[in-house]
1. Quote the FRET efficiency, to the nearest 0.05, computed for residue 3 versus residue 146 with a Förster distance R0 of 45 Å and r equal to the Cβ-Cβ distance.
2. When only alpha-carbon atoms are used, what values of Rg and Dmax, in angstrom, describe the stretch 213-359?
3. Hey, what's the per residue convex hull volume over the C-alpha atoms of the chain, in cubic angstrom?
4. Quick check: from the Cα gyration tensor, does the stretch 277-327 come out rounded (a/c under 1.5), prolate or oblate?
5. For the chain, give the percent of accessible area contributed by carbon and sulfur heavy atoms, probe 1.4 Å, rounded to a whole number.
6. With a 1.4 Å probe and all protein chains kept in place, how do 372, 54 rank by accessible area, largest first?
7. Could you sort the peptides 117-125, 138-146 by per-residue average Cβ neighbour count (10 Å cutoff), highest mean leading?
8. Ranked from the most accessible area to the least, with a 1.4 Å probe and all protein chains present, what is the order of 153, 198?
Amino acid sequence: MENAALLTAIIQNAIDGIITIDERGRIESINPAACKLFQHVPEDVIGKNISMLMPPPDSERHDDYLNRYNNTGKPHIIGIGREVKGLRKDGTEFPFRLGVSEVQYSGRKIYTGIIHDLSREKEAEETLREYAMRLEELVEIRTQSLKKTVEALQQAKEEVSLSLEKEKELSQLKSRFVSMASHEFRTPLSAVQLSASLIDKYAQPFDNPNIAKHVAKIKNAVGNLTTILNDFLSLEKLEAGKVEPSFHNFDLVKLSEEITEEMQMVAKQNQNIIYQHTGISSTVKLDPNLLKNCIINLIANAIKYSGENTFIEFNTEINDHHCIVTIKDNGIGIPEADQKHLFEAFFRAHNTGNIPGTGLGLNIIARYTDLMKGKINFKSSVNQGTSFTILFPQNE
């Protein structure tokens, strides 16, 4: 009796549903867990066919399954944990895993069904499936988006490549044009310069100041045009990356004296270029052609922006660490508002008035200085003059 009471207590308190049926499929017992699952009380189901707890088509086939087993001994679901569906009292269905065992009791067969509710597991599986589907959709969306991005980038790359190719062609065309224009302009300018010199020579016996005046204007105009051509040609070479400094040792003082003599010939009336060198050494290792271009441009600016009867100071210095070149004038100076733009291409200070110029000279000087690993600085005040200093490292 004690064992029977214990068994009854276990069945009544089991988490899973437990139902027993006879050989004809009629329900003999049902525990509370099964009642809760199927939403029935024992009185609703005891004595009735188990098929009432099954949805179609299992409800119609259950008796056939049971008869086949009773006649052949071959089970349909006996002893197998199988997923099936149950039918609740309200007509809804739910999934569960069914395990059936056969029990011989008092000379007859009793079938015990263990019912494990799978509702939560199925909901979790469905949620996971929906999440997986949503994830697949997101992956597909992202994949398509990425594909479009890659296609757009590829198209942009092709467009940039085409643009760079066109830019390269335009650059080459511009380079050829500048070189051609420089050559084509230099030839007639040289002819004009020569003719002006000849006119000046042939007119000397006449001692006519008007002839000398106009010949001087012609020479000055030719000089200005030549300077413009040189500036544009230098800028084109810099832009094309064709300027490579060639460093070697040379005598700075000798070069500076030659420049001073050359520039004194184009100075204004009573303008004097005073050259002075400081240091026991005169040898530097730089690119003499680039340095000469820088110095000539700076002295030419000093001449252009200073008046007659003025001095232009040209100093060089070589010490243990640096080579220093300084050109100082007493000219019109540079307005403070313009100084930050001074080394920009084509920029000219607002106080230059009708003084000719391209605005390229200082830009070219700064770039030549940079190519020689130097630095350029200046100080200037309006109507007080300007001082440019180029500093090159030595013995590094």
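1. Step by step, r from the Cβ atoms, then E = 0.05.
2. Rg then Dmax for the stretch 213-359, in Å: 16.4, 51.
3. Value for the chain: 350 Å³ per residue.
4. oblate
5. Whole-percent figure for carbon plus sulfur exposure: 55.
6. From most exposed to least exposed: 54, 372.
7. 117-125, 138-146
8. Correct descending sequence by accessible area is 153, 198.
The values are calculated or read from the model by the stated rules, or taken from the named source; none is laboratory data. Note that the coordinates shown come from a computational prediction; the quantities given were computed from them, not determined experimentally. With ideal geometry, Cβ positions are generated from the backbone for all residues, glycine too; neighbour counts draw on all protein chains shown. When the accessible area is computed, the model is the full protein with side chains, heavy atoms only, and any ligands, DNA or RNA have been set aside. Shrake-Rupley method; radii C 1.70, N 1.55, O 1.52, S 1.80 Å.
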